[in-house]
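What follows is a short report on a single structure.
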Amino acid sequence: MDHPDVLAWRDGHIEALDQTALPHQVRTLRIGTVDELVRAITSLAIRGAPVLGAAGALGVALAVRQGSGEGWDDTRLAAEIARIAAARPTAVNLSREVAAVAARIGDGTAAVEGAALAVLESTGATSLRISARGAEYLLQACGDGPLRVHTHCNTGALACLGWGTALGVIRALHVAGALSHVIVDETRPLLQGARLTCWELGQLGIEHQLACDGAAPFLISQGRADAVVVGADRIAANGDVANKIGTYSLALAARQAGIPFVVAAPESTIDAATPSGAAIPIEQRADEEVTAPAAPAGTRALNLAFDITPAELVTAVVTEERLIPGGRPA
C-alpha cells in the first residue's frame, strides 16, 4: 500500500486524494486553479510536510498554465505563487519547493513542469531511505524487538508518499519482523492520527491501538512504549522541532521514561535560515475545529496546529542522508 495516487500531475491538473474524506470515503480532487489548490491545502485535504512540498511544486506549474491561459502579467503570477507558498506557514517544505520550481519559470513551461515532477518523484524515494535508516537506528538503540512504538499525527504515505517518515520507520520494523504494535495518538486538530494513521496501519495489517492525546504521556510513563517516533514540519538550525500539537508532551514523557524520542524527516525539513524554534511561525486554525460540536456557542479556542520541541529533548533526527544524534544539525 504505497498510495501512488495521493498526489499526481495529469493533463495539466493536480489530482490529489482528499484526506478530509478518509477513512470513510476515498475521493480524488481534480485541481485546475490556484484558488482550488490553496483551498485544498488550507482545508487539509492536501497535507503532510513532504506532500505539501510536492503539491507546492506542482502548484507553480499549475499557476504558470493558468496564467498563460488567462493572460496574467509577471506581477500577478508572482502573487499567485506567493499565495501557494504561504498557504500553511509552519511547514518549510511548502515554501521551499515553491521557490525552487518558481526559479525555473524563465526557462519555460516545460522546464517548470519537469522540475515539479522531479520533486514529486524524489519525495517518495526519500521516504524509503528515511524508513530504513530509522528502523536500523531503533533496533540499535532498543534491541532486536519486537518493539512497541508510540507515534503522533500522520506520517505515512498519505503525508509523505512512498512509505512515509515516522510511519515509514514503523513499516520497516514491521517488514523486518521487529515490531510488536503501535500506539497512535488521535492528534488534534482534525484527528489525523485517528482518521489517517489508523487507516494506513489497518491497510498494512499492523497491530495498533488508538489513544487520546491527553493520555499519551501517562501511557509512556507506564512503560507501554519502547520508543517514540514522530515526523516534523520544520527543524530549526539549532535542532528545535516543529511538529503537530502534542509532540512536546511526548518528548517530555520520553525523557522522563528514559526511552528514545526520534524525529524522522527529510533533509528539506531542516531550515538553516530559522535559528531556533522561537522563530518558527505557528499556525492557528479555526475555533470550530475544536469547539464543534460540544462547546457552547461563542466559545473561543486556542487551536494551535503545531508546537515546538526543544532540541535537548530529541534523541536523534533521522533523514534520508544521515543520523543526527541529539537532533542538532551541523
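Quick notes
- D (Stokes-Einstein, µm²/s), Kirkwood Cα radius, segment 141-203, 0.692 mPa s at 37 °C: 281 µm²/s
- Shown for segment 1-43 is the translational diffusion coefficient from the Stokes-Einstein equation, using the Kirkwood radius over Cα pairs, a temperature of 37 °C and a viscosity of 0.692 mPa s: 302 µm²/s.
- Each Lys and Arg adds +1 at its Cβ and each Asp and Glu adds -1 at its Cβ; summed about the Cα centre, segment 1-125 shows a dipole of about 320 debye.
- Karplus (6.51, -1.76, 1.60) ³J(HN,Hα), θ = phi - 60°, over segment 320-326, in Hz, Gly and Pro reported as x: 5, 10, 6, 10, 10, x, x
- Here is the tail figure for segment 241-330: Cα pairs spaced more than 16 Å apart come to 61 percent of all pairs.
- Calculated FRET efficiency, Glu321 to Ala278, Cβ-Cβ distance, R0 = 30 Å: about 0.70 to the nearest 0.05.
- Shape metrics for the chain, restricted to C-alpha atoms - Rg then Dmax, Å: 19.2, 62
- Calculated FRET value between Phe218 and Ala8, using beta carbons and R₀ = 41 Å, to 0.05: 0.50
- Within a Gaussian network of the chain (alpha carbon springs, distance under 10 Å), most fluctuating of Ala21, Ala57, Ala135: Ala21
- Spin-label pair Ala86-Gln256: with each label point 7 Å from Cα along the Cα-Cβ axis, the two points sit 4.1 nm from one another.
- The residues His174, His13, His24, when put in order of fewest to most other Cβ atoms within 10 Å, stand as His24, His13, His174.
- Calculated from backbone phi, Karplus (6.51, -1.76, 1.60) coupling profile of segment 12-25 in Hz, x at Gly/Pro: x, 10, 8, 10, 9, 5, 6, 7, 7, 8, 6, x, 7, 9
- In the elastic network of the chain, a GNM with C-alpha springs shorter than 10 Å, the most mobile of Gln25, Gln284, Gln209 is Gln25.
- Spread over its residues, the convex hull of the C-alpha atoms of segment 7-122 is 90 Å³ per residue.
- For a paramagnetic label modelled on Glu15 (point 7 Å from Cα along Cα→Cβ), amide N atoms under 17 Å away belong, within segment 41-85, to 46, 55, 58-59, 62.
- Highest-fluctuation residue, Leu201, Leu250, Leu158 considered, GNM on the chain with Cα pairs under 10 Å: Leu201
- With bins 10 Å wide beginning at 0, the percent of Cα pairs of segment 52-193 falling in each bin runs 12, 32, 26, 18, 9, 2, 0.
- Per-residue 3J(HN,Hα) values for segment 240-250, derived from phi via the Karplus relation 6.51 cos²θ - 1.76 cosθ + 1.60 with θ = phi - 60°, read 4, 10, 9, 8, 3, 3, x, 5, 4, 5, 5 Hz in sequence order (x marks Gly and Pro).
Throughout, read-outs are computed from the coordinates displayed, never taken from laboratory work. Just so it is clear, the model here is predicted, and its values are computed rather than measured. Please note: Cβ atoms are built from the backbone with ideal geometry, for glycine as well, and neighbour counts cover all protein chains shown.
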